[in-house]
Every structure is written in C-alpha cells, then in structure tokens.
Amino acid sequence: MNRMRIGTLCVRGAEDKNNTTGAISVPVYQSATFAHPGVGQSTGYDYSRLQNPTREALENLVAALEGGDDAMAFATGMAAMATLCELFAPGDGILASGDLYGGSVRLFDNVIGRHGIAVDYLDTGDAENVRGRIRENTKAIFVETPTNPTMLVTDVAAISAICKERGLLLIVDNTFLTPIYQRPIELGADVVLHSGTKYLGGHNDTLAGFLVTANAELSERLRFLYKTVGACLAPWDSFLILRGIKTLAIRMERITENARRIAAWLEAQNDVEAVMYPGESGVISFRVNSAETARKILGNVKTILYAESLGGVESLITYPILQTHADVPAETREALGIDERLLRLSVGIEAADDLVADLKAALHEI
Ligand SMILES: *Cc1c(COP(=O)(O)O)cnc(C)c1O
C-alpha cells in the first residue's frame, strides 16, 4: 500500500479488511455494536466508539497519506483539537503560530486556558524567535502553515529540529496544504491535525477532523483519549470522506491551477492592494482599497458563494473580520492585518474563466 504514489493511494488506498464480496468501495457499516463469536472473543470490533470498519478503512488511508503510524477520525476538526489538548496538564505551556484558525484561538484562549494551560502566540516562521520563547513549562509547539488568513509560512523541518533538541511535541495543522503538498511527519512533526471538512472531504457536505500520529507511543496515548472522549466520526460520514479522498490529488491539481490564475488576475487590479497566496493549494487572501469595495465584492459575487469554510469543489469567499476571525481579540486582528478590507477566497474546481469573470463583474458591478 505505502509504495503506491500518492495519486494512486487516494483512489485505491482504502481497504475493507472484511471484504468477501469484491465490493470496490468500502461499505457503510451502520452498526453501533458488534456481536461476539464466543466468550472472551471478538471479531476485532466491539463498539463503534472504539472502532468501526468503515472508519477504520478511512483512518488507515489517512495514516498512509500522511506517512503516520495511526490516524483517528473525529466528528470535526475542532473535536480533534479538543481531544489533542487532553495531552496537556495544568501548568503546561504551548507555543503557537500567531495567526491560527479562529476556532483554534477560541479553544486555546477560552477553553483550555481555563484549565491552566497557557498558549503563547508568535511568528513560527522565525525559528530563532521560537527558540528564544521556549520556557521551562513549554511542552509543545503548534504550527499552522500557511496561516489563515494572512498566509505566513513556517519551515516545519526547522521547527522540528528545535523540538527534537528541547524534547517538545511538534503539532502541525496540515488542513491548508494537505498531504499532496506537505507531509509534516516526514519533516519531523509528531502529530498532524486536519479539518477533514476542508480539502480531504472536498465537497462542502461533511464535517470531519483527524489526528495523525508519528509513532506508536503517541498513537496509544491518543487512542486512549479518543475512545474515552468519544468525538468519533460516524460510519456514513466516514464513507463520504473516503469518497472525497478518491479525487483529492486531481482536485488539488485543478484548484492550484485555478488559484494561480486568479491570484495573478487579482495582482493586476487597481482596487486590490495586496494578494497573499503561497503558490499552492486554493486559499487566497487579498486586501482591497476600501471596506466599501470589500462589501461590494461580497454582495455581488454569484458563481462564487459568500460563505464560511474552504477546501471544497465550490469556490467560497469570506470576510474574516466578521466570520472566521470574529472571536480573535481586536488587537491581535489588527496586528495581523485582519481588517475590513481583507477578503479570503477559497478557490474551487469550476472553470477559471467563470471565476475571473465573476470577480470582475462583482468588482465593477457589471
Ligand atoms: C476549519 C479548520 C479547523 C476546524 O475544523 P472543523 O472541521 O471546522 O471543526 C481547524 N484548522 C483549520 C486550519 C481549519 O481551516
């Protein structure tokens, strides 16, 4: 399995271990519990919070895509984050990228902060700065790259070298680049987090989250928390994410092609002052010349939908200040440049000409 190239792995990597029919897609095992063949015996499945054959096929596939030891599928990305945070105890400190997904900041500041775990934000793109901020109680570094929405990039291998030297856990949120463009475990990360709702699922129809672990010791600790907390992905949703992953490689190819075209078009517009695009994947942030221009675009787009989220086949545009980053403290937002002129576009797989025409019409109110 692992020797397949990633494009093939997406299509063929999912395996139903119990397949006796030759079915080429993994069935939905819509069962909460499993009968035991005899006293003290198990089929390998006991209760679906612990394991379910559909979810298991998905988890094995995601582990293979990320080059991990194990993967756990959660109901949402935030459920994966919250379970991961159970690794930490009162008094522990975490260093995190300064421009994280808004929900991650809300969890860190308003939920786990109350349990005595302190999260400090910094630019993880500057490895020396990271080294200088490590304290005695620092247990982990949490990296999102590129960040959302301002697209700051972190060198995962450079941060990993520091983590190894200081005995810290390196956690990477790989939602934006996906294993097609970045495999953090190969770069030295210990845990990879995904909002499977985004590119892995890819169709804006299912919520999901993943934790992928680099070694057996971490897998065992997180599996224990996983079955105990119970925020697991349902069999039907597991099936939908499995189906989504079949086209991951080709979607990413098309999305990147479209996004490069649109980023170049945006760069050439007088009303657009800055374009933030890391060159791969489909999220483009851009700053326009006024709040009115931003509102005009949001109000006028038609092919592109004005909606939160990203990573699906449909192109979506959001207003971070009012949506994804509304709960980020105002001073943090200002420092990061998340203002009323900043828009975030998630490019889908539509014809690029239609997307450019839609933006052009919205900007000029044609
Ligand atoms: C959406 C997102 C999350 C949260 O995932 P949900 O599936 O919405 O709970 C976490 N990190 C990043 C980078 C995201 O984009």
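Stretching residue 153 away from residue 46 to a fully extended chain increases their span by 34.2 nm, per 0.36 nm per residue minus the current alpha-carbon distance. In this structure, the amide hydrogen of residue 74, modeled 1.01 Å from its nitrogen in the peptide plane, lies closer than 5 angstrom to those of 209, 210, 211, 233, counting only residues at least 5 positions away or on a different chain. Note on residue 224 and residue 11: their simple-model spin labels are 4.2 nm apart, each label 7 Å out from Cα toward Cβ. With all pairs of different C-alpha atoms in the average, the Kirkwood value for the hydrodynamic radius of region 137-267 is 16.2 Å.
Rounded to the nearest Hz, the phi-derived 3J(HN,Hα) couplings of region 130-145 under the Karplus curve 6.51 cos²θ - 1.76 cosθ + 1.60 (θ = phi - 60°) are 4, 4, x, 9, 5, 10, 4, 8, 5, 10, 8, 10, 10, 10, 10, 8, where x marks glycine and proline. Helix 156-166 axis versus longest C-alpha principal axis of the chain: approximately 60°, rounded to the nearest ten. With no solvent and one point per C-alpha, what does the Debye sum give as log10 I(q)/I(0) for region 154-215 at q = 0.18, 0.24 Å⁻¹? Results for region 154-215 at q = 0.18, 0.24 Å⁻¹ read -0.61, -0.93. Considering only the other residues whose Cβ falls under 10 Å of the Cβ of residue 104, what net charge follows from Lys and Arg at +1 and Asp and Glu at -1? Taking every other residue near residue 104 into account, the sum is -2.
Estimated from helices alone, the mean residue ellipticity of the chain at 222 nm is -11000 deg cm²/dmol (sum of -39500 (n - 2.57) over DSSP H runs with n ≥ 4, per residue). The phi-based Karplus calculation (6.51 cos²θ - 1.76 cosθ + 1.60; θ = phi - 60°) puts the 3J(HN,Hα) values of region 237-242 at 5, 4, 4, 5, 6, 4 Hz, whole numbers, x for Gly and Pro. Entry note, region 249-364: relative contact order of 31 percent, from Cα contacts under 8 Å with a spacing of 6+ residues. Angle between the Cα long axis of helix 53-66 and the longest principal axis of the chain, 0 to 90 degrees, nearest 10? With rounding to tens, the tilt is 60 degrees.
Sparse packing (at most 12 other Cβ atoms within 10 Å of the Cβ) combined with a DSSP loop state is found for the following trypsin sites (Lys or Arg not before Pro) in region 120-205: 135.
Under the simplified labelling scheme, the residue 215-residue 331 pair shows an inter-label distance of 3.9 nm, with each label point 7 Å from Cα along Cα→Cβ. The trypsin sites (Lys or Arg not before Pro) of region 278-366 meeting both criteria, a DSSP state outside H, G, I, E and B (loop) and at most 16 other C-beta atoms within 10 angstrom of the site's C-beta, are 302. Electrostatic bookkeeping for residue 219 treats Lys and Arg as +1 and Asp and Glu as -1; over the other residues with beta carbon under 9 Å from its beta carbon, the sum is -2.
Rg ratio for region 227-366: its Cα radius of gyration over 2.2 N^0.38 Å, N being its residue count, equals 1.15.
At q = 0.10, 0.11, 0.13, 0.14 Å⁻¹, what is the base-10 log of I(q)/I(0) for region 1-119 according to the Debye formula with one equal point scatterer per Cα and no solvent? Please give it to two decimals. Cα-only, vacuum Debye calculation for region 1-119: -0.48, -0.57, -0.74, -0.81. Temperature 25 °C, viscosity 0.890 mPa s: under these conditions the Stokes-Einstein estimate for the chain, based on its Kirkwood radius over C-alpha pairs, is 115 µm² per second. Think of each Lys and Arg Cβ as +1 and each Asp and Glu Cβ as -1; about the Cα centre, that makes the dipole of the chain roughly 700 debye.
Maximal additional length on extending the residue 166-residue 123 stretch stands at 13.6 nm, based on 0.36 nm per residue less the C-alpha distance.
Using only the Cα atoms of region 315-356, build the gyration tensor, take square roots of its eigenvalues as a ≥ b ≥ c, and label the shape rounded, prolate or oblate: rounded if a/c is under 1.5, else prolate if a/b is larger than b/c, else oblate. The shape class here is prolate.
Laboratory data are not the source of any read-out in this text; all were calculated from the coordinates shown. On a predicted model such as this, the values are computed, not experimentally measured, just so you know. Using ideal geometry, Cβ is built from the backbone for each residue, glycine included, and neighbour counts are taken over all protein chains shown.
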